[in-house]
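The structure under discussion appears below in the form of structure tokens.
Read the figures in this text as sums done on the coordinates, not as results from a lab. A quick note: this is a predicted structure, and the numbers were derived from the prediction, not measured. No Cβ is skipped: glycine too gets one built from the backbone with ideal geometry, and neighbour counts run over all protein chains shown.
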Amino acid sequence: MTTADDFRALHERPEPFLLPNPWDAGTARLLAGLGFDALATTSLGVANVVGRTRATRAEILANVREIADATPLPVNADLENGFADDPAEAAKMIDAAADTGAVGASIEDQSSDPDSPIYDFGLAVDRVRAAVETARARSVVLTARTENQLWGANDFADTIKRLQAFGEAGADVLYAPGLRTLDEIRAVVSSVGKPVNVVMGFADPSITLEQLAEAGVRRISIGAALSRLALKSFMDGAREMKAGRFGFVADLPPISELQRAFR
């Protein structure tokens, strides 16, 4: 089996699998050492590494290559909206991600236009359809995302309508970041016929893996949450140092542990 076959098979298991989001080669190797089955990139994590809130197309693709080269695990690439409005142009981003070693990729209906942040329904579906054609040609598992819940659309019926249409257009996995409650998650899963990814970076943190499995979720990611957690730890330590205290060094991992992970 190829790495792409392995990644597709993870979505067919009876239980959901965990898909953590590293942001560089080091964090990818740490996660691989902990026994995760696959990895996903995070565009926000990439942007934070370079000190911005948005990453460029080239930076995202370079990061996908870095993470794909770091471990033998399958990698799913967060490609935002493909950096293009036109369906065929956006689909080229999936081709480029496959060239870097990704075996999974996502395309979303967020337009990057603050005045109209979500693509019209018809264009959003056309974009998924074009992405599916490219993904199948490259044996890439395609995740289609609707960003309604993140951009204040507050139209849950439209979120489900879009996911259903994305699935009918051929997407392999469906994803609506911003689902917060178990009832919302159950409603999405029960309304579609494709595997659903849930990101726990936005959901009620009291929801358990067992509850997600019972709801029928097939894949669980974390988005930029691990990156943000690392940055919080960094800032907490820096503030303590600025105040003339160094208690944070008591919580450092042993250098030997990191050497084993990176060997």
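Where a Cα-Cα gap under 24 Å defines reach, which lysines qualify for Lys242, not counting those fewer than 8 residues away within the same chain?
Lys232
For the chain, set up a GNM with springs between Cα atoms under 10 Å and report which of Ala130, Ala224, Ala243 has the largest fluctuation.
Ala243
So in the stretch 3-224, what percent of DSSP beta bridges are antiparallel if you round to the nearest 5? Each step should come with its number before you reach the end.
Values: 1 of 22 bridges.
Antiparallel: roughly 5 percent of the beta bridges in the stretch 3-224.
What's the whole-number percent of alpha carbon pairs in the stretch 99-161 lying beyond 19 angstrom?
Numbers: 707 of 1953 pairs.
In whole percent, the long-distance tail amounts to 36.
Once fully extended, how much extra length lies between Glu89 and Glu210, figured as 0.36 nm per residue of separation less the alpha-carbon to alpha-carbon distance?
Contour length minus Cα-Cα distance gives 39.6 nm.
For n ≥ 4 DSSP H runs only, could you compute -39500 (n - 2.57) per run for the chain, divide by its residues and tell me the 222 nm figure to the nearest 500?
-14500 deg cm²/dmol
By counting other Cβ atoms within 10 Å of each Cβ, how are Phe234, Phe166 ranked from fewest to most?
Going from least to most buried by this count: Phe234, Phe166.
Along its three principal axes, how long is the chain when you only count alpha carbons? Whole Å, largest extent first please.
Sorted largest first, the three principal extents are 57, 39, 38 Å.
Can you sort Met241, Met1 by how many other beta carbons sit within 10 Å, fewest first?
By the 10 Å Cβ count, ascending, the order reads Met1, Met241.
Show which lysines lie in cross-link reach of Lys92 when reach means a straight Cα distance below 26 angstrom and same-chain residues fewer than eight apart are skipped.
By straight Cα distance, Lys92 reaches Lys161, Lys194.
Under a GNM of the chain (C-alpha, springs under 10 Å), which listed residue has the highest mean-square fluctuation: Asp85, Asp126, Asp236?
Judging by the Gaussian network model, the answer is Asp236.
Among Leu150, Leu163, Leu79, determine the one that fluctuates most according to a GNM of the chain built with springs between C-alpha atoms less than 10 Å apart.
Leu150
If I take R0 = 45 Å and measure r between the Cβ atoms of Asp99 and Arg260 in this structure, what FRET efficiency does the formula 1/(1 + (r/R0)^6) give, to the nearest 0.05?
With R0 = 45 Å, the Cβ-Cβ based efficiency is 0.90.
What order do you get for 52-62, 197-207, 33-43 when each peptide is scored by the mean count of other beta carbon atoms within 10 Å, highest first?
So the peptides 52-62, 197-207, 33-43, ranked by packing, come out 33-43, 197-207, 52-62.
Compute the length gained on full extension between Arg228 and Arg180: take 0.36 nm times their separation in residues and subtract their Cα-Cα distance, giving the result in nm to one decimal.
This chain segment gains 15.4 nm when fully extended.
Using Cβ counts within 10 Å as a stand-in for footprinting exposure, how do Arg145, Arg138 rank, fewest first?
Lowest to highest Cβ neighbour count: Arg138, Arg145.
Can you give the FRET efficiency for Phe246 and Asp24, using 1/(1 + (r/R0)^6), R0 = 25 Å, r = Cβ-Cβ distance, to the nearest 0.05?
Result of the calculation: an efficiency of 0.45.
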